[in-house]
Each structure stands twice: as structure tokens, then as C-alpha cells.
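Here is the structure we will look at, set down as C-alpha cells.
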Amino acid sequence: MKPTSVIDISGLRKGFGGKTVLDGIDLSVPACTVFALLGPNGAGKTTLINILSTLTAPDAGTARVAGYDVRSEKNAVKRSISLTGQFAAVDEGLTAEENLRMISRLCGLTKEEAVSRTRELLKQFDLETNAKKLVKTYSGGMRRRLDLAVSLVVERPILFLDEPTTGLDTISRRTLWNAVLDLKRRGVTIFLTTQYLEEAEQLADTIAVLAGGRIVALGTAAELKARVGLERIELRNEEDELIRSVPTDGSIEDIHRTLGELLPTVPPTIRIAITKPSMDDVFISLTATSAQTMTEKEGVSL
Ligand SMILES: Nc1ncnc2c1ncn2[C@@H]1O[C@H](COP(=O)(O)OP(=O)(O)OP(=O)(O)O)[C@@H](O)[C@H]1O
Ligand SMILES: [Mg+2]
């Protein structure tokens, strides 16, 4: 059975001042999954999140979020989503506790509920000891954690996180990852952007790579790696120095044949490893191809 999708995007286009940023995006995100959007700086990730959260209108195409059209049913979309933007949006002149209580009250919680929700979130994001300090005295990572806590005051069916862990240390990043996986278990769909490929690999059920205005790759981390096909047979000497590195498709036949050719040419003490591409290799390979296509396209239109 096909899973129900909660975000459906078709032929979406957006440009600024004659410059095309999104050049026909088609995507659908299944309910209760984590979807990660990767792409180099300026690829249009924030623009896409802004369109899906009704902050920016698309030029063409359609996008439905929780079944509602982002253009004609803005309020219904807003009621279905939470958003943590790329840049902090908390009030710097208040403390973390005051910010959380204020947002809780704005979201319709009673005074008692606001107090208890604030306490839970301060604990979850390790902000308890600094809860009564003004946000303007916070470090970048503390602000980011507060920003995330604010977006989780009320649980909505869909959560957008624009680069949620940029600037966070390893422990805070893990806290956020756990929070995301916990929300997923509770049935929330999470759409996030990230610069960290490891993050996408750890968290996401589906990864999309945005480059040159289009989705250039879509799939699980393993599928993207297989598509790039950068598996290699490596031969190292006793000092662990790489002496040969040969591409392979990973099949037994290919490994058998390649080793048959290589082994008679190397000393018997050699060590063999089969390496898979890292997500960094995958990202560079996919976005480099699309950058080339974009340059060719621009060349034609000149
Ligand atoms: N309001 C705007 N007016 C004009 N240009 C804009 C506007 N918003 C975005 N852009 C341009 O659109 C392109 C995509 O920007 P966007 O912020 O969506 O990229 P991004 O993928 O989020 O990048 P980053 O990784 O740096 O956050 C950039 O070239 C940017 O300069
Ligand atoms: Mg951005």
C-alpha cells in the first residue's frame, strides 16, 4: 500500500529578480517520516521551507501541506505546522523561561500548562541552569537550543527545521536528533534541511539533494551511495599506506576478477579493504554534476 503523503509538491517554481531559484520541484513526503533536504549554500532550501510554511508565495506550481494548499489555505497550513527557521527568532530581552512561557500562552496553553511545558522543555534542551538569564547573554548554541525548544511548545503534525543543528556542539546535536526521532515515533512528520551529511544519514528516511534549482537525487542514504557508485577496492601495505585503489561495482564477480588481476602484482603481506563512499563523496559527486548542467544551461541561454 502506498503510504499517505503529508507534503505534496508539484512543478514548484520560484525566482527572485529574474534569477530562478526553484526550477520545477516535485516531491512528496510520507507521513510519520523524517525527510532531509540537502544542498549547497544558496541552493534554495530555505526558500522551499518558506514556501511550505506559507511565508513566501511560489511563482508557479502547487504545494499541499497536511492536505492544505499553501496559497489558498494558509491558515489551515499554519495550524498544522511548527517551524524553526535558520535564524534565531526568540526575544533577546527576555529569559529562556519567559520566552517559553510567553510562547506557550500564545499557543493557547493555560498558565499551569505553560509552566509545566516550559519546565519540560528547559530540561530536555539542557537550559535549566541558564533559564533565568537574559537570552542576549547566551552563546550561539544555547540560543539555538532555545529556538528549537520554542518550536516544540505545541506538537503539530508537521515540523519544519531549517538547519537545526548548525552551530551546536556534539552533545546538543545528539539531543536534537533524539528529540526528532522521538517526535517521529509519536507520529510527527519532520522536514529538515542540513549541511551535515552525517545528520541526514543518521536521521532521515529519505534524503533529497537540491542543486541547480532541481531535485538531483532522492532516496535513502544507501540508495544515494549506490547511485554514485564509488565503492573501491583498496590495497594497503603493512604500514597502512594505500598502494592501489580500484573502483568496483561491489559484486562478487567484479571483486573476484579485480583481485585476480591485482594480487599477482603485489606482495603477499598486503591487506585488502572494500570502501564505500562517504556521504560527503556522494554530495560532492551529485552537486558537481548538477552545477555542470546549470553552467551548460546558462551557456545556451546567453
Ligand atoms: N527575499 C529574497 N530576495 C532576493 N533573493 C533571495 C531572497 N531569498 C533568497 N534569495 C536568493 O535565493 C537563493 C536561494 O536562497 P536560500 O536562502 O533559499 O538558499 P539556502 O539553500 O537556504 O542556502 P543556505 O545553505 O546558505 O542557507 C540565493 O541566491 C538567495 O540569494
Ligand atoms: Mg538556508
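The values are calculated or read from the model by the stated rules, or taken from the named source; none is laboratory data. In this text, all values refer to a predicted model and were calculated from it rather than measured experimentally. Methodologically, a virtual Cβ is constructed for each residue, glycine included, from the backbone with ideal geometry; neighbour enumeration extends over all protein chains shown. Accessible surface is based on the protein model in full, side chains and every heavy atom, while ligands, DNA and RNA are left aside. Shrake-Rupley method; radii C 1.70, N 1.55, O 1.52, S 1.80 Å.
Restricting attention to the stretch 36-65, report how many residues are within 16 Å of ligand 2 (Cβ to nearest atom) and of a type in the set (D, E). Residues that pass the stated criteria total 0.
Considering only the stretch 13-22, how many residues are open to solvent by 20 Å² or more (accessible area, probe 1.4 Å) and part of a strand (DSSP E or B)? Break it down stepwise before answering.
Step one: list which residues in the stretch 13-22 are open to solvent by 20 Å² or more (accessible area, probe 1.4 Å), which gives 13-20.
Now restrict to residues that are part of a strand (DSSP E or B): 13-16, 19-20.
Residues that pass the stated criteria total 6.
On inspection, S116 passes the criterion of being in the same structural domain as A200 (by TED's automatic domain parsing), free of Cβ contacts under 8 Å to residues at least 12 places away in the same chain and away from ligand 2 (no atom under 16 Å from the Cβ).
Residues that are at pLDDT 95 or above and either under 16 Å from L22 (Cβ atoms) or within 16 Å of ligand 2 (Cβ to nearest atom) (or both) within the stretch 66-86 comprise V70, R71, listed in sequence order.
Against the condition among the polar types (S, T, N, Q), in the same structural domain as A204 (by TED's automatic domain parsing), open to solvent by less than 60 Å² (accessible area, probe 1.4 Å) and within 16 Å of ligand 1 (Cβ to nearest atom), how does T95 come out, does it pass? Before the answer, list the steps.
Values: among the polar types (S, T, N, Q): yes; in the same structural domain as A204 (by TED's automatic domain parsing): yes; open to solvent by less than 60 Å² (accessible area, probe 1.4 Å): yes; within 16 Å of ligand 1 (Cβ to nearest atom): no.
No: the conditions fail for T95.
Hey, any hits in the stretch 184-200 for a residue that's within 22 Å of C32 (Cβ to Cβ) and without any contact (Cβ under 8 Å) to a residue 12 or more places away in the chain?
Keep residues of the stretch 184-200 that are within 22 Å of C32 (Cβ to Cβ), which gives 184-194, 199-200.
Still in the list and also without any contact (Cβ under 8 Å) to a residue 12 or more places away in the chain: 185.
Yes.
Exactly one residue out of A89, A96 is over 19 Å from L210 (Cβ atoms) and within 16 Å of ligand 2 (Cβ to nearest atom), and it is A89.
Restricted to the stretch 25-43, and to residues that are surrounded by fewer than 19 Cβ atoms within 10 Å (Cβ to Cβ) and away from ligand 1 (no atom under 12 Å from the Cβ), which residue is nearest to P164 (Cα to Cα)? Don't jump to the end; show me each part of the working.
Going through the stretch 25-43, the residues surrounded by fewer than 19 Cβ atoms within 10 Å (Cβ to Cβ) turn out to be 26, 28, 30-33, 40-42.
Those left that are additionally away from ligand 1 (no atom under 12 Å from the Cβ): 26, 28, 30-33.
Working: D26: 24, S28: 21, P30: 21, A31: 20, C32: 19, T33: 17 Å.
Within the stretch 25-43, the match that is nearest to P164 (Cα to Cα) is T33.
Here V90 meets the list (1) loosely packed, with under 14 Cβ neighbours inside 10 Å; (2) modelled with pLDDT under 90 almost entirely, failing just condition (1).
Cβ-Cβ contacts under 7 Å between residues 6 or more apart (or on different chains), taken from a first residue in the stretch 238-265 that is farther than 25 Å from R227 by Cβ and at pLDDT 90 or above to a second residue that is aliphatic (A, V, I, L, M) and open to solvent by less than 50 Å² (accessible area, probe 1.4 Å), are absent. Each residue in the stretch 44-77 was checked for being open to solvent by 40 Å² or more (accessible area, probe 1.4 Å), within 16 Å of ligand 1 (Cβ to nearest atom) and either in a loop (DSSP other than H, G, I, E, B) or basic (K, R) (or both), and 3 pass. Residues in the stretch 16-31 that are touching a residue at least 24 places away in the same chain (Cβ under 8 Å) and in contact with a strand residue (DSSP E or B) (Cβ under 6 Å, 6 or more places away or on another chain): V21, L22, D23, G24, I25, D26, L27, V29, P30, A31.
Go through the stretch 223-257 residue by residue and tally those that are among the aliphatic types (A, V, I, L, M), open to solvent by less than 70 Å² (accessible area, probe 1.4 Å) and not in a loop (DSSP other than H, G, I, E, B). Reasoning before the result, please.
Keep residues of the stretch 223-257 that are among the aliphatic types (A, V, I, L, M), which gives 224, 226, 228, 230, 233, 235, 242-243, 246, 252, 255.
Adding the requirement that they be open to solvent by less than 70 Å² (accessible area, probe 1.4 Å) leaves 224, 228, 230, 233, 235, 246, 255.
From what's left, not in a loop (DSSP other than H, G, I, E, B): 224, 228, 233, 235, 246, 255.
Adding up the residues that qualify gives 6.
In the set A221, A211, A179, which member is in the same structural domain as V90 (by TED's automatic domain parsing), within 16 Å of ligand 2 (Cβ to nearest atom) and touching a residue at least 12 places away in the same chain (Cβ under 8 Å)? Only one candidate qualifies: A211.
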